[in-house]
Ligand SMILES: [Zn+2]
C-alpha cells in the first residue's frame with residue numbers, strides 16, 4: 001500500500017452553493033484513495049512522501065459531461081449556422097473523416113492531452129459512428145489518464161452520404177465495439193443514439209435492448225432547439241413529448257444523460273426528475289448555435305440532477321473553467337429575460353455543477369470525501385497580477401474566470417498524478 005500526502009490550499013464543493021476551504025492543509029491518500037484531510041498534520045504521518053503545493057490552490061478536477069470528440073478539428077469554427085444547418089454543413093462532414101484510423105489516432109491523441117492538461121479528468125463523450133476510431137479514442141483517453149464514458153454514435157437516417165449506417169450495420173458495429181471495450185480499465189462504453197432524428201424506431205428499440213441486457217448507461221440529446229423539436233414531432237407522431245422517443249425504448253432511467261434540455265416543457269422536466277435522468281447543460285453551445293438558454297435554476301429547484309458539458313464543437317471552449325463561468329453568464333441572461341425573477345447561479349453553485357454534481361454521477365461522494373479516488377487539479381495563480389492580498393475565496397473565483405491552461409501545475413486523475 002502506498003501512502004501519499006498532498007499539501008496546499010484545498011477548495012471543494014460539498015453541496016450545491018457551499019464551498020469548503022482548507023488553508024495550508026494536508027490530504028492523505030492510500031493507493032490513490034482519499035483517506036483524510038487535515039488542517040494540522042498528525043505526528044504519525046510526518047514521514048510520508050509529500051507532494052508540496054504550498055501557496056497553490058488544490059481543487060476538485062473537472063468533469064466534461066457532454067462533448068463530441070470527432071468535432072475537435074472544427075473547434076472554434078462554423079459558428080454562423082443554427083443547429084440543423086450546422087450539422088449538415090459542417091459537422092457530419094468533419095465526423096465522416098474518422099473512418100480513417102490514422103487521422104483518428106492523431107486527433108484523439110491531441111484531444112486527450114488537451115483535456116488532461118486542462119484538469120478535465122472525467123468525461124461523458126460522443127465518438128462518431130466508426131467502431132475502430134471509437135476504440136482508438138478510448139485508448140488515447142485511458143493512456144492520458146482521462147476516465148469516464150465514451151459512446152460509439154448510432155445513426156441510421158438523415159446523416160447524408162458520408163455518415164450513415166443501416167439499422168443492421170449500426171447494431172453489428174455496436175456489438176463489435178462493446179465486445180472490444182472490455183480491455184479498458186477506466187474508460188467505459190455508453191449507448192449513444194445521436195438524437196431521435198438520426199435513429200429509426202427499430203434502431204432505438206435494439207439499442208434499448210442492448211443497454212438493458214448489458215447494464216449500460218445511455219446518452220443523447222433532448223429539446224435543444226425549436227426546429228429540431230418540430231422535426232421530432234413529425235418523425236414521432238406516436239410520442240406526445242420528445243422524451244418519449246427515448247422512454248418508449250427503455251432508455252429513460254437513472255444513469256441516462258440528456259444534453260441541453262433548453263426547451264423542455266413542465267411535463268418533460270417532471271419526467272426527467274421522476275426517472276432520475278441527468279441533464280448535461282451546455283451553455284456555450286446553446287448560445288453559439290442560437291438554441292436558447294436552459295432553465296437551470298428551475299431544474300435545480302425541482303431537484304433535477306444537472307451537470308455541465310463543453311459540447312465541443314457546438315461549444316468553443318474546452319476548458320471547464322470557461323464552461324463554468326459561461327454557465328454563470330448564461331444564468332444571468334435567464335435572469336434578465338425573466339424580468340429579474342430568476343436568481344442567477346453563484347460561483348460556488350456553478351463550480352459544484354462542473355465538479356461534485358458530475359463526480360456523483362460516477363458514484364463518488366461529494367467534495368474531497370474519504371473513499372473517493374483522488375480527482376484533483378492544482379492551480380498556481382502566482383503569475384496572475386495581485387494588487388492586494390486576496391482571500392482564498394477571491395483567488396478561487398479569479399482562477400475560474402481568468403486562469404489559463406498554463407496555470408495548471410498538476411492533475412490527479414483516479415488517484416494517479418497525470419501531469
Ligand atoms: Zn451534443
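Against the main long axis of the alpha-carbon atoms of the chain, helix 167-180 sits at an angle near 30°.
By how many degrees, between 0 and 90 and to the nearest 10, does the Cα long axis of helix 101-117 differ from the longest principal axis of the chain? Roughly 40 degrees between the two axes. Seen against the Cα atoms of the chain and their longest principal axis, helix 266-275 is set at about 60 degrees.
Among 168, 150, sorting on how many other beta-carbon atoms sit within 10 Å of each Cβ, with the fewest leading, yields 168, 150.
Look at the alpha carbon pairs under 8 Å that are at least 6 residues apart: their mean separation over the length of the range 1-141 gives a relative contact order of 23 percent. As a length-normalised measure over Cα pairs under 8 Å and 6 or more apart, the relative contact order of the range 62-354 settles at 19 percent. Extension gain, residue 384 to residue 213, is 56.4 nm, computed as 0.36 nm per intervening residue step minus the present C-alpha separation.
Relative to the 2.2 N^0.38 Å rule of thumb, the range 300-401 has a C-alpha radius of gyration ratio of 1.21. You can think of it this way: the chain between residue 394 and residue 254 has 46.8 nm of extra reach, that is 0.36 nm per residue less the Cα-Cα gap. Our summary gives the range 93-155 a relative contact order of 40 percent, counting only alpha carbon pairs under 8 angstrom and 6 or more residues apart.
Rounded to the nearest 5, the antiparallel percentage of DSSP beta bridges internal to the range 9-131 is 55%.
Fewest neighbouring Cβ atoms within 10 Å first, the residues 182, 223 line up as 182, 223.
Each eigenvalue of the Cα gyration tensor of the chain, multiplied by 5 and square-rooted, gives one semi-axis; in descending order these are 36, 24, 19 Å. Each residue in 61, 240 was given a count of other beta-carbon atoms within 10 angstrom of its own, and listing them fewest first yields 240, 61. The distance from the alpha carbon centre of the range 171-239 to that of the range 335-394 is 31 Å, rounded to a whole number.
Just so you know, all these numbers are worked out from the coordinates, no wet-lab data involved. For clarity, every value in this text was computed on a predicted model and none was experimentally measured. A quick note on method: Cβ atoms are made from the backbone with ideal geometry, for glycine too, and the neighbour counts reach across all protein chains shown.
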